[in-house]
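S.K.: Sharing a structure with you now.
The values are calculated or read from the model by the stated rules, or taken from the named source; none is laboratory data. Note that the coordinates shown come from a computational prediction; the quantities given were computed from them, not determined experimentally. Positions of Cβ are backbone-derived with ideal geometry, glycine not excepted, and every protein chain shown enters the neighbour counts.
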Amino acid sequence: MKSIVPTIMVDNCREAIEYYRKVFGGELKSVMTGEVNEMFKGHESKIIHAELHVNETCVLFFGDPFEEIKEGNRFGVLLNLDSEEEINRLYKDLLEDRKPLMELQKTFWGALFAVVKDRYRVTWSLNYTLG
């Protein structure tokens with residue numbers, strides 16, 4: 001397996017992509033709407049696929065759902081981070097005014113770790129291995 005790329009299906013995908021671009025930085029690429037193919041008739045304004053390239057190896061895929069999204073039918077994403085500064089910034093930015101599922105803390109495996117659910121109900125596990 002070369003890589004695993006998470007796909008986030010979220011209502012208001014355009015708004016969500018801009019939010020995540022602001023949080024993580026990076027470049028938005030390959031944005032396709034339902035207008036690209038007749039098979040998406042009735043869903044022309046929905047985002048079928050979009051990529052946020054944070055850097056060369058970190059890419060998130062996004063799309064609008066074609067069915068109702070219910071709590072729990074999304075997935076979480078583990079982010080292995082490069083610095084204490086980065087984990088603190090992302091913890092703050094993703095959490096906004098919400099309570100964390102797990103506070104940012106030192107762990108038994110030698111890392112700073114936290115779990116947050118953002119305003120789009122996506123669960124993010126943040127991990128920075130202390131060195």
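S.K.: Restricting segment 20-69 to residues that are hydroxyl-bearing (Ser, Thr, Tyr) and surrounded by fewer than 14 Cβ atoms within 10 Å (Cβ to Cβ), which is nearest to TRP124 (Cα to Cα)?
M.R.: It comes out as THR57.
S.K.: While we're on this one: Out of the residues in segment 75-122 that are under 21 Å from MET9 (Cα atoms) and among the acidic types (Asp, Glu), state the one that is farthest from the chain's Cα centre (by Cα).
M.R.: Here the residue is GLU96.
S.K.: Among the residues of segment 41-61, which ones are closer than 12 Å to VAL5 by Cβ and either among the polar types (S, T, N, Q) or not assigned by TED's automatic domain parsing to the domain that holds ILE17 (or both)?
M.R.: THR57
S.K.: Can you spot a residue in segment 70-85 that is crowded, with 18+ Cβ neighbours inside 10 Å, more than 15 Å from VAL122 (Cβ to Cβ), assigned by TED's automatic domain parsing to the domain that holds TYR120 and touching a helix residue (DSSP H, G or I) at 6+ places or on another chain (Cβ under 9 Å)?
M.R.: yes
S.K.: Could I ask something else about it? Pairs only if they're at least six apart or on different chains, beta carbon under 8 angstrom, first in segment 11-31 and under 10 Å from LEU60 (Cβ atoms), second surrounded by 15 or more Cβ atoms within 10 Å (Cβ to Cβ) and aromatic (Phe, Trp, Tyr); list them, first residue then second.
M.R.: What qualifies is ILE17/PHE62; TYR20/PHE62.
S.K.: Follow-up question, since we're still on this one. When you check LYS92 against the structure, is it loosely packed, with under 13 Cβ neighbours inside 10 Å and not in a helix (DSSP H, G or I), yes or no?
M.R.: So LYS92 does not fit the description; no.
S.K.: List every residue pair whose Cβ atoms lie under 8 Å apart, where the two residues are 6 or more positions apart in sequence or sit on different chains, the first residue falls within segment 100-118 and is among the polar types (S, T, N, Q), and the second residue, located anywhere, is in a strand (DSSP E or B).
M.R.: GLN105/LEU112; GLN105/PHE113; GLN105/ALA114; THR107/PHE113
S.K.: A further question on this structure: Take LYS41 and decide whether it is of a type in the set (Lys, Arg), without any contact (Cβ under 8 Å) to a residue 24 or more places away in the chain and more than 24 Å from LEU95 (Cβ to Cβ).
M.R.: Yes; evaluated as a whole, the condition is true for this residue.
S.K.: May I ask you to list the residues in segment 18-34 that are on the phi > 0 side of the Ramachandran plot and in a helix (DSSP H, G or I)?
M.R.: none
S.K.: Could you please let me know if GLU85 is of a type in the set (Asp, Glu) and at pLDDT below 95?
M.R.: Here the answer is no, as GLU85 does not meet what is asked.
S.K.: Taking the conditions exactly as written (farther than 18 Å from VAL23 by Cβ and not polar (S, T, N, Q)), does ASP82 satisfy them or not?
M.R.: No; evaluated as a whole, the condition is false for this residue.
S.K.: Let me ask you something else. Tell me which residues, restricted to segment 95-122, are modelled with pLDDT of 90 or more, of a type in the set (Lys, Arg) and not in a loop (DSSP other than H, G, I, E, B).
M.R.: Answer for segment 95-122, where residues must be modelled with pLDDT of 90 or more, of a type in the set (Lys, Arg) and not in a loop (DSSP other than H, G, I, E, B): just LYS106.
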